[in-house]
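Novice: This structure is in structure tokens; I'll ask about it shortly.
The values are calculated or read from the model by the stated rules, or taken from the named source; none is laboratory data. Since the structure is predicted, the reported quantities are computational estimates derived from the model, not experimental observations. So basically every Cβ, Gly included, is an ideal-geometry build from the backbone, and we count neighbours across all protein chains shown.
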């Protein structure tokens with residue numbers, strides 16, 4: 001017993017010492033510290049290689065592009081103080097601010113931006129967002145390995161001037177240039193091989209990365225070299241990884257987080273009562289939809305059937321009762337609130353539900369189905385409580401109005417994507433699309449014939465032609481007309497069933513100043529402040 | 001005993017090889033790849049990505065490439081955390097899981113053995129029923145109910161402990177996770193201890209000790225505890241390996257950067273190398289702890305001999 005006892009005692013002593021060593025004084029006394037949540041771990045904090053919206057959330061705090069968004073979501077100059085666009089819309093000339101600096105004191109020059117763009121398109125980087133800039137001159141050839149990277153249509157004419165040449169006009173180019181993938185790069189700084197994490201060590205944004213602990217948090221410190229540092233109120237930012245919505249709510253309640261990214265659906269009503277106007281619900285650029293597999297029966301070449309199924313769904317009930325958090329019923333593909341765009345609506349948007357159901361039944365019969373020939377289909381969705389709720393509602397609506405027997409199949413997210421892409425077994429599937437930038441194009445281009453993200457397999461030559469014409473337009477109003485007409489055609493074809501538009505629901509502590517709701521739901525830490533002293 | 005240890009360690013090598021092979025095949029058989037997402041990359045980009053990670057090679061080549069790197073101690077790059085290698089991720093998560101796991105195992109062992117012994121000594125009395133009943137809460141109430149309840153009362157309402165891991169440093173953030181992890185283990189250990197202790201207390205040499213006038217406490221401490229520990233030890237071996245590799249639920253609830261979280265992330269993102277690295281780590285730990293437990297049998301029970 002003696003050796004065992006003494007072993008146990010020593011173990012206890014060791015642990016006690018370890019625990020004692022873990023405590024410490026607070027190095028952040030007197031500083032303004034923001035605690036914000038992150039719902040998924042960033043897979044990379046390398047601007048050209050990152051891909052998820054969560055990585056972009058962190059990167060937007062530590063880097064800056066030529067352009068950026070202000071708190072309200074409007075485009076404003078970033079590291080570029082001004083720019084000019086040529087007559088034909090193919091040449092953009094940016095003037096870099098002379099006072100822009102990296103965190104190590106070096107000035108930010110046009111060549112850094114050129115390096116960033118080249119690195120993005122370079123096949124050796126294997127960057128996902130390279131496809132966002134494929135309209136830059138030679139970008140396709142470079143990313144396919146046919147041309148060397150130096151041939152990319154970007155040029156640093158001098159330290160303060162950057163020229164970007166395009167192969168065709170891109171009216172939303174400025175929005176693209178806010179994205180972290182086109183942040184400037186410092187190729188002169190070798191990545192420290194010993195340091196865990198391959199992230200950059202100098203930054204041109206309002207903050208620098210002090211520490212990244214995967215699975216836990218990212219800690220940011222104020223960057224005093226940032227050209228607009230005078231306007232930055234917060235000194236230290238923590239992006240805490242919180243994957244569970246309920247945990248996020250608990251941490252908000254206990255004061256450990258200054259705001260949340262979500263509100264769990266089951267706690268929404270309670271939160272509304274308990275928190276009043278700390279609860280913020282705002283329009284968000286995203287559409288929740290069901291897609292049809294257009295390559296196989298029963299939906300291939302059967303417009304009447306698709307439209308019948310669409311009309312049998314009561315979107316108002318779905319958004320207001322089934323979801324009930326302020327979601328907006330979707331009668332178009334592009335969300336309202338998109339910049340410079342008025343989405344056309346489905347032809348039956350204004351009808352009452354009785355009228356819609358009557359027409360739906362008629363179309364259903366036209367398609368060859370009825371009480372003697374019932375339709376049995378499969379509806380696939382990714383495993384989640386919300387998805388299931390919507391699927392059950394739609395299944396009930398289809399059964400009540402049309403007598404359709406829909407089998408619900410829940411699949412894990414990656415498995416679902418695989419099934420959809422296979423196009424063999426899938427019939428109806430759930431999906432969603434969040435806009436990458438505030439322009440209708442990010443939603444409409446999904447439906448182009450050769451787009452890999454065109455999940456239903458929609459192909460309409462007229463739609464493609466209209467989109468091509470829209471892409472050529474310099475005049476924004478004319479462009480808008482082409483886009484709206486294209487959407488009208490696409491909606492009438494019913495390749496998808498748009499169900500509702502997302503809203504962002506967040507709890508924001510009254511301590512937080514400078515919070516503005518915006519349709520992209522970007523909240524840069526540099527726009528925020530805390531009213532409590534510490 | 002040294003020879004025995006050596007033989008066991010050598011015998012573990014073919015086991016581990018089989019584990020790697022099976023895990024490799026299963027992971028690649030799962031539908032979906034690491035680069036699938038709703039925002040699909042175009043063909044050229046996809047090819048670039050796959051070439052970069054050697055995913056375009058035949059499976060056999062990929063396996064031997066992986067094995068080769070493994071023998072040099074390199075688990076490969078993570079497909080999801082593109083700035084990190086699997087070695088770096090494991091090295092970052094392992095200390096946290098180890099610390100929390102050992103603390104909760106220690107708590108569970110002390111509390112479980114204590115409760116089980118008490119129940120055995122006072123067998124079939126009220127004390128027995130109350131103590132065992134309380135211990136059973138650990139098994140009957142699932143962790144994903146207990147942990148949030150603890151958070152709600154102790155963190156949110158009373159503010160005694162933080163609700164999250166990353167918001168603070170120090171001891172207080174460990175309390176709730178350690179307690180949540182320990183509770184189910186306390187139940188199992190208490191039951192095992194009680195049953196085994198009752199058996200031992202009924203045996204001949206204990207009767208003799210009682211007849212000689214030894215009190216209950218001394219009997220337990222000097223005579224009954226060691227033999228009663230044998231079943232508990234058998235249980236503890238794999239249980240420690242399991243706890244040390246992290247609990248997925250507790251880590252998700254508290255936001256702890258441990259191995260459990262990496263398991264989930266690796267699986268849902270089809271991060272082949274990360275999943276393989278974790279499986280190998282887990283398998284190694286199980287082999288190791290089974291060996292330790294077998295060696296401890298010899299310490300606890302002098303009748304055990306090694307061939």
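Novice: Being assigned to a strand (DSSP E or B), more than 13 Å from chain B (Cβ to nearest Cβ) and modelled with pLDDT of 85 or more narrows it down to one residue among A:202, A:237, A:163; which is it? Step through it out loud before you land on a result.
Specialist: Values: A:202 fails: assigned to a strand (DSSP E or B); A:237 fails: more than 13 Å from chain B (Cβ to nearest Cβ).
The match here is A:163.
Novice: All but one of (1) under 25 Å from residue A:50 (Cβ atoms); (2) within 14 Å of another protein chain (Cβ to nearest Cβ) hold for residue A:253; which doesn't?
Specialist: (1)
Novice: From the list A:430, A:424, which one is loosely packed, with under 15 Cβ neighbours inside 10 Å, touching a residue at least 60 places away in the same chain (Cβ under 8 Å) and within 14 Å of chain B (Cβ to nearest Cβ)? Please lay out each step first, then the result.
Specialist: Numbers: A:430 fails: loosely packed, with under 15 Cβ neighbours inside 10 Å.
The conditions single out A:424.
Novice: Look at the stretch A:262-273 and say how many of its residues are within 13 Å of chain B (Cβ to nearest Cβ) and either buried (at least 17 other Cβ atoms within 10 Å of the Cβ) or assigned to a strand (DSSP E or B) (or both).
Specialist: Within the stretch A:262-273, residues that are within 13 Å of chain B (Cβ to nearest Cβ) and either buried (at least 17 other Cβ atoms within 10 Å of the Cβ) or assigned to a strand (DSSP E or B) (or both) number 1.
Novice: Here's another thing I want to ask about it. Given the criteria within 13 Å of chain B (Cβ to nearest Cβ), more than 26 Å from residue A:73 (Cα to Cα), touching a helix residue (DSSP H, G or I) at 6+ places or on another chain (Cβ under 8 Å) and surrounded by fewer than 20 Cβ atoms within 10 Å (Cβ to Cβ), does residue A:247 qualify? Show your work before the answer.
Specialist: Details: within 13 Å of chain B (Cβ to nearest Cβ): yes; more than 26 Å from residue A:73 (Cα to Cα): yes; touching a helix residue (DSSP H, G or I) at 6+ places or on another chain (Cβ under 8 Å): yes; surrounded by fewer than 20 Cβ atoms within 10 Å (Cβ to Cβ): no.
No.
Novice: Looking at residue B:289 and the list (1) assigned to a helix (DSSP H, G or I); (2) crowded, with 18+ Cβ neighbours inside 10 Å; (3) within 14 Å of another protein chain (Cβ to nearest Cβ); (4) in contact with a helix residue (DSSP H, G or I) (Cβ under 6 Å, 6 or more places away or on another chain), which single condition is not satisfied?
Specialist: (3)
Novice: Any idea which of B:298, B:255, B:246, B:266 is in contact with a strand residue (DSSP E or B) (Cβ under 6 Å, 6 or more places away or on another chain), within 14 Å of chain A (Cβ to nearest Cβ) and at pLDDT below 85? Spell out how you get there, then give the answer.
Specialist: Numbers: B:298 fails: in contact with a strand residue (DSSP E or B) (Cβ under 6 Å, 6 or more places away or on another chain); B:246 fails: in contact with a strand residue (DSSP E or B) (Cβ under 6 Å, 6 or more places away or on another chain); B:266 fails: in contact with a strand residue (DSSP E or B) (Cβ under 6 Å, 6 or more places away or on another chain).
Within the list B:298, B:255, B:246, B:266, the selection yields B:255.
Novice: For the stretch A:463-476, what are the residues that are at pLDDT 90 or above and out of contact with any helix residue (DSSP H, G or I) (no Cβ under 6 Å at 6 or more places or on another chain)?
Specialist: Those that are at pLDDT 90 or above and out of contact with any helix residue (DSSP H, G or I) (no Cβ under 6 Å at 6 or more places or on another chain): A:464, A:465.
Novice: Under 18 Å from the mean Cα position of the chain (by Cα), buried (at least 22 other Cβ atoms within 10 Å of the Cβ) and assigned to a helix (DSSP H, G or I): does that describe residue B:278? Spell out how you get there, then give the answer.
Specialist: On the way: under 18 Å from the mean Cα position of the chain (by Cα): yes; buried (at least 22 other Cβ atoms within 10 Å of the Cβ): yes; assigned to a helix (DSSP H, G or I): yes.
Considered against the rule, which asks whether it is under 18 Å from the mean Cα position of the chain (by Cα), buried (at least 22 other Cβ atoms within 10 Å of the Cβ) and assigned to a helix (DSSP H, G or I), residue B:278 comes out as yes.
Novice: Tell me, please, whether a residue that is in contact with a helix residue (DSSP H, G or I) (Cβ under 6 Å, 6 or more places away or on another chain) and more than 30 Å from residue B:269 (Cβ to Cβ) can be found in the stretch A:89-101.
Specialist: yes
Conditions tested, residue by residue: (1) in contact with a strand residue (DSSP E or B) (Cβ under 6 Å, 6 or more places away or on another chain); (2) within 14 Å of another protein chain (Cβ to nearest Cβ); (3) in a loop (DSSP other than H, G, I, E, B); (4) within 17 Å of residue A:90 (Cα to Cα).
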residue	(1), (2), (3), (4)
A:113	yes, no, no, no
A:116	no, no, no, no
A:130	no, yes, no, no
A:141	no, yes, no, no
A:146	no, yes, yes, no
A:171	no, no, yes, yes
A:178	yes, no, yes, no
A:186	no, no, yes, no
A:189	no, no, yes, no
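Novice: Just to be sure, is residue B:115 crowded, with 18+ Cβ neighbours inside 10 Å, in contact (Cβ under 8 Å) with a residue 60 or more places away in the chain and over 25 Å from the mean Cα position of the chain (by Cα)?
Specialist: Values: crowded, with 18+ Cβ neighbours inside 10 Å: yes; in contact (Cβ under 8 Å) with a residue 60 or more places away in the chain: yes; over 25 Å from the mean Cα position of the chain (by Cα): no.
Here the answer is no, as residue B:115 does not meet what is asked.
Novice: While we're looking at this one, here's another question. Within the stretch A:50-85, how many residues turn out to be facing chain B (nearest Cβ under 10 Å), under 14 Å from residue A:185 (Cα atoms) and either in a helix (DSSP H, G or I) or modelled with pLDDT of 85 or more (or both)?
Specialist: 0
Novice: Then there is this: Restricting the search to the stretch B:82-99, which residues are within 7 Å of another protein chain (Cβ to nearest Cβ) and under 14 Å from residue B:257 (Cα atoms)? It would help to see each step written out before you state the result.
Specialist: Of the residues in the stretch B:82-99, the ones within 7 Å of another protein chain (Cβ to nearest Cβ) are B:82-84, B:88-89, B:92-93.
Of everything in the stretch B:82-99, those that are within 7 Å of another protein chain (Cβ to nearest Cβ) and under 14 Å from residue B:257 (Cα atoms) turn out to be B:88, B:89, B:92, B:93.
Novice: Can you give me the ranges of the strands (runs of 3 or more DSSP E) entirely in the stretch A:400-509 with at least 2 residues that are closer than 27 Å to residue A:523 by Cβ? Explain how you work it out, then say what you get.
Specialist: On the way: elements: A:405-411, A:428-434, A:496-507.
By residue number, A:428-434, A:496-507.
Novice: Specify which of the listed residues (A:39, A:32, A:44) is more than 10 Å from every other protein chain (Cβ to nearest Cβ), on the phi < 0 side of the Ramachandran plot, in contact with a helix residue (DSSP H, G or I) (Cβ under 7 Å, 6 or more places away or on another chain) and modelled with pLDDT of 80 or more. Steps first, answer last, please.
Specialist: Working: A:32 fails: in contact with a helix residue (DSSP H, G or I) (Cβ under 7 Å, 6 or more places away or on another chain); A:44 fails: more than 10 Å from every other protein chain (Cβ to nearest Cβ).
Answer to the check: A:39.
Novice: When you scan the stretch B:112-214 for helices (runs of 4 or more DSSP H) that lie fully inside it, which ones turn up with 1 or more residues that are under 22 Å from residue B:248 (Cα atoms) and within 14 Å of another protein chain (Cβ to nearest Cβ)?
Specialist: Where helices (runs of 4 or more DSSP H) fall fully within the stretch B:112-214 and carry at least 1 residues being under 22 Å from residue B:248 (Cα atoms) and within 14 Å of another protein chain (Cβ to nearest Cβ), they are B:143-150, B:172-201.
Novice: So if I check each of A:408, A:417, which one is surrounded by fewer than 20 Cβ atoms within 10 Å (Cβ to Cβ) and either away from chain B (no Cβ under 11 Å) or closer than 21 Å to residue A:458 by Cα (or both)? Steps first, please.
Specialist: Working: A:417 fails: surrounded by fewer than 20 Cβ atoms within 10 Å (Cβ to Cβ).
Just a single option satisfies the conditions, and that option is A:408.
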